[in-house]
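Worksheet: one structure, shown below.
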Ligand SMILES: Nc1ncnc2c1ncn2[C@@H]1O[C@H](COP(=O)(O)OP(=O)(O)OP(=O)(O)O)[C@@H](O)[C@H]1O
Ligand SMILES: [Mg+2]
């Protein structure tokens, strides 16, 4: 009952292709939960389905005790959920400042200003690049912008889809420590999708493993890390 | 020998085109038309293309060291831009002081297109929705004013907001079904919509007069003062004790359209700085991202359509009152095409660019009227040249809508974006 986000038996389709095959998942308030899985397992689909795009065909998604399964995307995103989507999807021709303001859409300007200061405290680089066009930022800066933009709506639940994609290890560490700090300081709840399973499981309180559109394993991060089948499938050659 | 081959290819294309277009000429013979071949004219044209292309390619290869680079040109242009806008405005305001009737009429025409361009710019330039049927709203505005004024005996200033409102309503009605569509599909549907409106106007004879159109549309008044050539009580000339003259009306019309155009500009600029305008621009860039930021994409697109349509409607009402006569002939697809060309040539989203493009295209077409058939040739050539030299339009690049400290212009040369 206490879960902030709960998915039960959620399925999702792209036309005739079934991408999610009855997913059960829970995220409790103040938790960092990570979702790992191979390419094409359906991780991004799961994140998008939570936001109602594509919509879940069966099953139920509840957020903060409310059924959001059938709500339109914009209504869902106004209840305190924010997503930093796969591939960042920042607005390339708009400035960093404008990109951030887009994240605070529907919030009063004074509040947006204050939130922006917090984002700058987290990612000082964004302040330096404030008037630069989003499309000309480096990959890491774009990722910071995507996360910063998501934070601008002051979410309770942050969905992060592969924030480490294509980034140097140092930048990944910076972003992961930013997530941890946010979680610790503000109690922000995070659902994190990652290819970098080792770091993600170390960061997260709990983890889920998604295989072919269904959850096959779940448990505390450290516990999953210790399992031999996880090590074999997702940590090969790594740590 | 790449340049040679390239030039040869161009010449071949030219041969294919000119072989028919220039090579064959029809003359009136004694009994019927006779076909005359003009091989030398074709040869000259093809040779011109060959050497022209060759010269262009070599010029590109051995550009003299002193030639300004595109980056430099862009910077200069943006610097000129800062002065061009106020200068242009001053010129527009003072024009009636020294211009004659012909130039004022031309000014009214150009300003009408400037206004249409700025209106369409909201839809195409800001929101990124390709609308090929903008003339529909122009027509709705014109007919709304004409019918309201004639049926209910209302004045121009009363009908103007109503005409805009009705056009906006049609914008919303068009918007609803087409919002799911993107790019090409949207373009086709809006194109069809423009034609539907025109055909309805043409065939609904009892309401619109069909092909005969509507005439005797009332002229605008200034606080109830009429502008008529004859003067008489209640006229502008009578009230101020002036010699009655038609040119007073022309000057008045000129200032009316100037005011309307400036209103369009002001509203566009304001909107760009509001969250709504920013959402339009974001929508143009990435719809999925917008949705996941909690933006109601449907409503946002609808407002763009409606506001753009409203300005089309205002312009239409003005057109009706200026002409005193309207018929479906004035609202053909070519009008939509011209307005869209103005917006694209001006550099999508640029207010100054749109004004300049309207000035060049409408003013230019009018000035070159004496050249008759060469007019279209010059027009086409100008389009090609602009697209080659400045592929993103006359004034490309956008100024961020928010800035801390000085506003920085983002030049066209930095526009080749990568997403990663
Ligand atoms: N828009 C779409 N249309 C059709 N099929 C899609 C679409 N998006 C994803 N799929 C398919 O759904 C499945 C799950 O894709 P998804 O993007 O969720 O995988 P993922 O786990 O995020 O993979 P990755 O780690 O590579 O990002 C894949 O087989 C993919 O081909
Ligand atoms: Mg993915």
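The values are calculated or read from the model by the stated rules, or taken from the named source; none is laboratory data. Everything quoted here is computed from the prediction, not taken from an experiment. So basically every Cβ, Gly included, is an ideal-geometry build from the backbone, and we count neighbours across all protein chains shown.
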Any hit, the stretch B:320-335, residues being surrounded by 24 or more Cβ atoms within 10 Å (Cβ to Cβ) and at pLDDT below 90
no
Among the residues of the stretch A:206-222, write down those that are on the phi < 0 side of the Ramachandran plot and either within 16 Å of ligand 2 (Cβ to nearest atom) or in a strand (DSSP E or B) (or both).
A:206, A:207, A:208, A:209, A:210, A:211, A:214, A:215, A:216, A:217, A:218, A:220
Could you tell me how many of the residues in the stretch A:20-34 are within 16 Å of ligand 1 (Cβ to nearest atom) and over 21 Å from residue A:178 (Cβ atoms)?
5
Selection from the stretch A:151-170 of residues within 16 Å of ligand 2 (Cβ to nearest atom) and in contact with a strand residue (DSSP E or B) (Cβ under 6 Å, 6 or more places away or on another chain) yields A:159, A:160, A:161, A:162
Test residue A:146 against the stated conditions and say whether it is within 16 Å of ligand 2 (Cβ to nearest atom) and either at pLDDT below 95 or closer than 13 Å to residue A:96 by Cα (or both).
yes
Kindly indicate whether residue A:37 is buried (at least 16 other Cβ atoms within 10 Å of the Cβ), farther than 25 Å from residue A:155 by Cα and within 14 Å of ligand 1 (Cβ to nearest atom).
yes
Quick one: in the stretch A:155-173, which of the residues that are over 14 Å from the mean Cα position of the chain (by Cα) and surrounded by fewer than 18 Cβ atoms within 10 Å (Cβ to Cβ) is nearest to the other protein chains (Cβ to nearest Cβ)?
A:166
More than 16 Å from ligand 2 (Cβ to nearest atom), buried (at least 22 other Cβ atoms within 10 Å of the Cβ) and free of Cβ contacts under 8 Å to residues at least 24 places away in the same chain, is that true of residue A:74?
yes
Just to be sure I understand, how many residues within the stretch A:14-58 are part of a loop (DSSP other than H, G, I, E, B), touching a strand residue (DSSP E or B) at 6+ places or on another chain (Cβ under 8 Å) and either within 12 Å of ligand 2 (Cβ to nearest atom) or within 14 Å of another protein chain (Cβ to nearest Cβ) (or both)?
6
Selection within the stretch A:65-110 - within 16 Å of ligand 1 (Cβ to nearest atom) and at the interface with chain B (Cβ under 7 Å from one of its Cβ atoms)
A:73, A:83, A:85, A:89
Residue satisfying all of: in the stretch A:196-205; without any contact (Cβ under 8 Å) to a residue 40 or more places away in the chain and part of a helix (DSSP H, G or I); nearest to ligand 2 (Cβ to nearest atom) among these:
A:199
Within 15 Å of ligand 2 (Cβ to nearest atom) and touching a strand residue (DSSP E or B) at 6+ places or on another chain (Cβ under 8 Å) - does that describe any residue in the stretch A:171-186?
no
Quickly run through the stretch A:166-195 and pick out the residues that are within 16 Å of ligand 1 (Cβ to nearest atom) and part of a strand (DSSP E or B).
A:191, A:192, A:193, A:194
All-but-one check, residue A:125 against (1) within 12 Å of another protein chain (Cβ to nearest Cβ); (2) more than 16 Å from ligand 1 (Cβ to nearest atom); (3) farther than 20 Å from residue A:4 by Cβ, failing number (1)
Could you tell me whether residue A:116 is surrounded by fewer than 22 Cβ atoms within 10 Å (Cβ to Cβ) and within 22 Å of residue B:281 (Cβ to Cβ)?
yes
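One line per residue, one yes/no per condition, for (1) outside the structural domain of residue B:222 (by TED's automatic domain parsing); (2) modelled with pLDDT under 90; (3) closer than 16 Å to residue B:300 by Cβ:
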site: B:156; (1), (2), (3): no, yes, no
site: B:160; (1), (2), (3): no, no, no
site: B:165; (1), (2), (3): no, no, no
site: B:176; (1), (2), (3): no, yes, yes
site: B:183; (1), (2), (3): no, yes, no
